[in-house]
Number of protein chains: 2
Amino acid sequence: MAGRELTSTRSPRVKAARRLAKRAFRRRERRFLAEGPQAVREALALDGVLTELFTTAEAEIRHQDLIAQAERSGVPTFRVSGEVMAELAQTVTPQGLLAVCAFVDVDLRAALEPQPRLVTVLAHVRDPGNAGTVLRTADAAGSDSVIFTDASVDPYNGKCVRASAGSLFHLPVVVGPRFDTLIPALKESGLTVLAADGAGKCSLDAALDKGTLSGPTAWVFGNEAWGLPDEILDAVDEVVRVPIYGGAESLNLATAAAVCLYASARAQRAGESS
Amino acid sequence: MAGRELTSTRSPRVKAARRLAKRAFRRRERRFLAEGPQAVREALALDGVLTELFTTAEAEIRHQDLIAQAERSGVPTFRVSGEVMAELAQTVTPQGLLAVCAFVDVDLRAALEPQPRLVTVLAHVRDPGNAGTVLRTADAAGSDSVIFTDASVDPYNGKCVRASAGSLFHLPVVVGPRFDTLIPALKESGLTVLAADGAGKCSLDAALDKGTLSGPTAWVFGNEAWGLPDEILDAVDEVVRVPIYGGAESLNLATAAAVCLYASARAQRAGESS
């Protein structure tokens with residue numbers, strides 16, 4: 001069972017964890033909250049990331065293995081009342097397991113050093129649910145890293161962490177580079193930099209046909225509502241649009257990202273086998 | 001300006017519209033609610049679909065063209081107070097335009113008669129936001145029709161209508177066929193029926209390589225959490241999985257649907273041009 005019991009929402013440890021719902025406190029302490037068994041399992045797989053674990057009595061029974069693993073790893077665990085969990089969790093129906101984790105992001109240099117083949121950049125993405133979904137999709141499509149520019153949502157936002165479904169812990173994530181230094185760095189690493197934008201002159205099919213997607217590629221995805229600013233569209237190697245074959249005006253961001261990233265994944269693998 | 005003014009949430013007309021938030025009333029009257037300028041524009045493009053239009057004074061100024069068009073089409077329009085709009089709208093920040101629309105779905109037979117090349121089937125999809133996103137993606141990818149089986153969410157649910165971003169009005173939508181009669185009907189129409197499922201033996205890449213996706217295809221997408229039941233997996237021509245190249249356990253439903261539908265769209269067009 002969990003080590004200590006905390007039944008008051010005014011416990012200093014509970015209050016300290018609760019504060020991590022706010023970005024300013026996350027930044028200061030370089031820690032964030034991750035809810036649910038999947039996130040706890042993924043965080044435990046990384047050395048020294050999980051720093052505190054809160055559980056309810058019910059969750060302790062349901063997830064004995066995870067809690068035992070946390071305790072073996074020396075993670076302080078605390079049993080909390082339902083009321084305290086409700087205070088800590090950011091979901092309507094908390095899953096009874098809440099982890100305090102150390103930031104997992106890496107330097108841009110560390111992410112680019114191993115000469116990545118596929119990099120995903122979120123520029124001006126503001127909805128944390130969308131950002132988390134793109135992170136999960138990038139992971140699934142075999143992206144080597146995901147970069148959140150300084151104008152994008154915080155990847156440690158609770159909604160983003162949840163929507164990433166564990167992917168935040170799977171691949172190198174870079175937080176906060178400015179766009180004007182990022183693009184040159186991507187190009188210097190041998191990546192072709194493509195922006196996904198509905199107004200792009202080049203369709204994804206044309207990009208596939210001319211082999212643009214077969215080499216190392218960085219995809220830049222923009223804001224949900226207004227896309228990407230001109231200075232980014234001007235700086236990338238090519239602006240690519242996902243073709244719209246029917247009557248829809250546009251695709252949503254996460255959908256467009258899925259189509260682009262999987263097109264790259266397939267084109268790169270086809271190049272390898274031929 | 002709008003015809004009559006309604007300032008009471010107890011007005012019979014307001015109450016009649018408000019009831020359409022419930023599926024039982026929608027079914028009985030074969031009418032549904034669609035919010036916002038985009039939905040109103042799309043509904044007006046179809047003959048006899050928009051049957052009543054509610055607007056706020058602010059929206060009347062902002063969308064004069066739409067309201068004039070509705071009036072020219074003989075649609076009864078009503079100016080309502082902010083309070084009444086808040087009662088009618090299902091969103092937190094109503095856009096000030098709310099349409100009562102006649103159901104737009106068509107028979108399965110009508111949808112299959114023109115020998116479709118790409119059909120999207122939602123089986124056991126329960127989240128209306130997901131269903132609407134898949135509908136929008138299917139429209140963008142050039143799907144000829146979208147079929148909601150009897151075990152799926154109601155496409156006229158307000159969240160689904162909103163997430164479809166107008167696509168509900170763009171392409172033939174079929175509501176309610178049972179799966180055991182649907183699959184034979186799809187096959188008889190010359191469609192190869194593919195189920196998307198993470199446990200599929202055939203990867204999407206393999207299906208593309210062997211030409212499975214080049215011909216007329218119906219894609220079946222299942223439940224967000226548990227996928228598709230065995231009787232469906234057994235009945236389709238092939239169960240196809242979207243490959244996971246990275247550490248993610250799975251893709252979300254709308255993402256997987258986007259990857260599958262766009263793979264089909266490209267494969268079918270490549271076949272035509274060669």
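The values are calculated or read from the model by the stated rules, or taken from the named source; none is laboratory data. The structure displayed is predicted, hence computed values, not measured ones. A quick note on method: Cβ atoms are made from the backbone with ideal geometry, for glycine too, and the neighbour counts reach across all protein chains shown.
The number of residues in the range B:115-152 being farther than 17 Å from B:Ala258 by Cα and touching an Asp or Glu at 6+ places or on another chain (Cβ under 7 Å) comes to 2. Scanning the range B:211-225 for residues that are closer than 15 Å to B:Leu253 by Cβ and touching a residue at least 24 places away in the same chain (Cβ under 8 Å) yields a total of 6.
Taking the range A:1-112 and the helices (runs of 4 or more DSSP H) fully enclosed by it, the elements with 2 or more residues that are within 19 Å of A:Ser167 (Cβ to Cβ) are at A:36-44, A:108-112. Scanning the range B:162-182 for residues that are of a type outside the set (D, E, K, R), touching a residue at least 40 places away in the same chain (Cβ under 8 Å) and within 14 Å of another protein chain (Cβ to nearest Cβ), we see that the one that is surrounded by the fewest Cβ atoms within 10 Å (Cβ to Cβ) is B:Pro172.
The single residue among A:Leu253, A:Leu204, A:Leu208, A:Leu261 that is in contact (Cβ under 8 Å) with a residue 40 or more places away in the chain, under 14 Å from A:Leu118 (Cβ atoms), crowded, with 18+ Cβ neighbours inside 10 Å and in contact with a helix residue (DSSP H, G or I) (Cβ under 8 Å, 6 or more places away or on another chain) turns out to be A:Leu261.
Results for (1) crowded, with 24+ Cβ neighbours inside 10 Å; (2) within 12 Å of another protein chain (Cβ to nearest Cβ); (3) assigned to a loop (DSSP other than H, G, I, E, B), shown as yes or no for each residue.
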residue	(1), (2), (3)
B:Pro114	no, no, yes
B:Arg126	no, no, yes
B:Gly129	no, yes, no
B:Gly132	yes, yes, no
B:Arg136	yes, yes, no
B:Gly142	no, yes, yes
B:Ala151	no, no, yes
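Only a single criterion out of (1) surrounded by 20 or more Cβ atoms within 10 Å (Cβ to Cβ); (2) within 14 Å of chain B (Cβ to nearest Cβ); (3) touching a strand residue (DSSP E or B) at 6+ places or on another chain (Cβ under 8 Å); (4) among the small types (Gly, Ala, Ser) is not satisfied by A:Ala248, namely (3).
Taken as a whole, the condition of being surrounded by 22 or more Cβ atoms within 10 Å (Cβ to Cβ), over 19 Å from the mean Cα position of the chain (by Cα) and on the phi > 0 side of the Ramachandran plot does not apply to B:Gly74. Every test in (1) closer than 12 Å to A:Ala123 by Cβ; (2) crowded, with 18+ Cβ neighbours inside 10 Å; (3) not basic (Lys, Arg) is passed by A:Pro229 save one, and that test is (2). Scan the range B:75-134 for residues that are free of Cβ contacts under 8 Å to residues at least 60 places away in the same chain and of a type in the set (Phe, Trp, Tyr) and the total you get is 0. Condition check: of a type in the set (Gly, Ala, Ser), touching a Cys at 6+ places or on another chain (Cβ under 9 Å), under 21 Å from A:Gly129 (Cα atoms) and not assigned by TED's automatic domain parsing to the domain that holds A:Tyr156. Does A:Ala34 satisfy that? Against the criterion (of a type in the set (Gly, Ala, Ser), touching a Cys at 6+ places or on another chain (Cβ under 9 Å), under 21 Å from A:Gly129 (Cα atoms) and not assigned by TED's automatic domain parsing to the domain that holds A:Tyr156), A:Ala34 qualifies.
Condition check: away from chain A (no Cβ under 13 Å) and either assigned to a helix (DSSP H, G or I) or acidic (Asp, Glu) (or both). Does B:Leu233 satisfy that? So B:Leu233 fits the description; yes. Within the range B:260-268, is there a residue that is part of a strand (DSSP E or B) and within 14 Å of chain A (Cβ to nearest Cβ)? The answer is no; no qualifying residue exists.
Scan the range A:180-195 and tell me whether some residue there is of a type in the set (A, V, I, L, M, F, W, C) and assigned to a loop (DSSP other than H, G, I, E, B). Taking every residue of the range A:180-195 in turn, at least one turns out to be of a type in the set (A, V, I, L, M, F, W, C) and assigned to a loop (DSSP other than H, G, I, E, B).
Among the conditions (1) surrounded by fewer than 23 Cβ atoms within 10 Å (Cβ to Cβ); (2) out of contact with any Pro (no Cβ under 9 Å at 6 or more places or on another chain); (3) away from chain B (no Cβ under 11 Å), A:Trp219 misses just one, which is (1).
Taking the range B:151-186 as the search range and keeping residues that are under 10 Å from the mean Cα position of the chain (by Cα) and hydroxyl-bearing (Ser, Thr, Tyr), which one is farthest from B:Pro37 (Cα to Cα)? So, considering only residues that are under 10 Å from the mean Cα position of the chain (by Cα) and hydroxyl-bearing (Ser, Thr, Tyr), the one farthest from B:Pro37 (Cα to Cα) is B:Tyr156.
Restrict the check to the range A:84-92 and report whether at least one residue is among the hydrophobic types (A, V, I, L, M, F, W, C), within 20 Å of A:Arg27 (Cα to Cα) and outside the structural domain of A:Leu233 (by TED's automatic domain parsing). Checking the range A:84-92: at least one residue is among the hydrophobic types (A, V, I, L, M, F, W, C), within 20 Å of A:Arg27 (Cα to Cα) and outside the structural domain of A:Leu233 (by TED's automatic domain parsing).
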